[in-house]
Structure formats: structure tokens, C-alpha cells
1. Considering each residue of region 60-89, count those that are under 14 Å from A104 (Cβ atoms) and either among the charged types (D, E, K, R) or in contact with a Cys (Cβ under 8 Å, 6 or more places away or on another chain) (or both), and give that number.
2. Please state which of the following conditions A29 fails to meet, knowing it meets all the rest: (1) over 16 Å from the mean Cα position of the chain (by Cα); (2) modelled with pLDDT of 95 or more.
3. Would you call S98 of a type in the set (S, T, Y) and either part of a loop (DSSP other than H, G, I, E, B) or on the phi > 0 side of the Ramachandran plot (or both)?
4. Could you go through region 82-94 and let me know if any residue there is outside any strand (DSSP E or B), at positive phi, modelled with pLDDT under 95 and more than 16 Å from the chain's Cα centre (by Cα).
5. Give region 60-76 a look and list any residue that's surrounded by 18 or more Cβ atoms within 10 Å (Cβ to Cβ) and either without any contact (Cβ under 8 Å) to a residue 12 or more places away in the chain or closer than 13 Å to S100 by Cα (or both), or say none.
6. Can you give me the number of residues within region 37-59 that are buried (at least 16 other Cβ atoms within 10 Å of the Cβ) and assigned to a strand (DSSP E or B)?
7. Here is a check on your reading of the model: is S44 within 16 Å of K111 (Cβ to Cβ), modelled with pLDDT under 95 and of a type in the set (S, T, Y)?
Amino acid sequence: MNAMRRIFTLATTVVVASALVAGPAAAKAPKDGFAYVATIDCGSGPMEVGSGADLWSAFVDLDSGKKYKPVAWHVSGDGFAVDELKKGEPKKHAVECSYSDGVATGTVIVKKA
């Protein structure tokens, strides 16, 4: 029964994550070969970041080129919410950032990659 629950949870997560990842494409046109673009603010002002199509793809600051790994998502939009924590990822040196892509808003916890 636990295995079935985990499979259902994983399938639901994949569907929601796909919706989250698909949303930014409608909000902003991709830049510099990135699949998606969003704005995050980790305390030192907003920065525009690009990322790949995967929920756990690194964010790349479009101005500086610095990379950030998302380790947790707490975002929602019209009709969906994503609360995911990357399993096995240590929280040491992680920082909570606001997140907005025009479709989803909330927070994402990142580490420098």
C-alpha cells in the first residue's frame, strides 16, 4: 500500500511540476537558450534567472552567470501548489528566496552551485 501511495504521490508531483515548469514559458520568453525565466530575490535585490525544463535544474543569474541549485519549492498559482523538498540535499548554506515567474509565486530555497 505504501508503494502505491508513493507512486501516486510521485505521479502527482510530476504532473504539478510539469505545470509549474510549463507556466513560465507563457509568462516570459526564454533567453540565452534557457527553457524558462523567473525573478528571485534572496535578500540582496531581485535577479532574473534562467533555468532548464526540470524542476531541479540550476538557476543561472542572467547578469552575472552565477548558478544556484533549488533544493525546495513552496510556490502556488491559479489552481496549483508545489511544496517539494529535494531528498538527501543538506540544508547547510541554503537560503530562502522569493520566486515569481508570472504564473507561480512563493519561495524557493537555493544553494550556490
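1. Residues that pass the stated criteria total 3.
2. Unmet for A29, out of (1) over 16 Å from the mean Cα position of the chain (by Cα); (2) modelled with pLDDT of 95 or more: (2).
3. On the way: of a type in the set (S, T, Y): yes; either part of a loop (DSSP other than H, G, I, E, B) or on the phi > 0 side of the Ramachandran plot (or both): no.
In short, no.
4. Looking only at region 82-94, we keep the residues that are outside any strand (DSSP E or B), and these are 86-94.
Next, only the ones that are at positive phi stay: 88, 93.
Subsequent filtering for residues that are modelled with pLDDT under 95 retains 88, 93.
If we keep only those that are more than 16 Å from the chain's Cα centre (by Cα) as well, we get 88, 93.
Yes: one or more hits.
5. W73, V75
6. Residues in region 37-59 being buried (at least 16 other Cβ atoms within 10 Å of the Cβ) and assigned to a strand (DSSP E or B): 9 in total.
7. On the way: within 16 Å of K111 (Cβ to Cβ): yes; modelled with pLDDT under 95: yes; of a type in the set (S, T, Y): yes.
Yes: the conditions hold for S44.
The values are calculated or read from the model by the stated rules, or taken from the named source; none is laboratory data. This structure is a prediction, so every number in the text was calculated from the model and none was measured. As a convention, Cβ positions derive from the backbone with ideal geometry for all residues, glycine included, and neighbour counts pool all protein chains shown.
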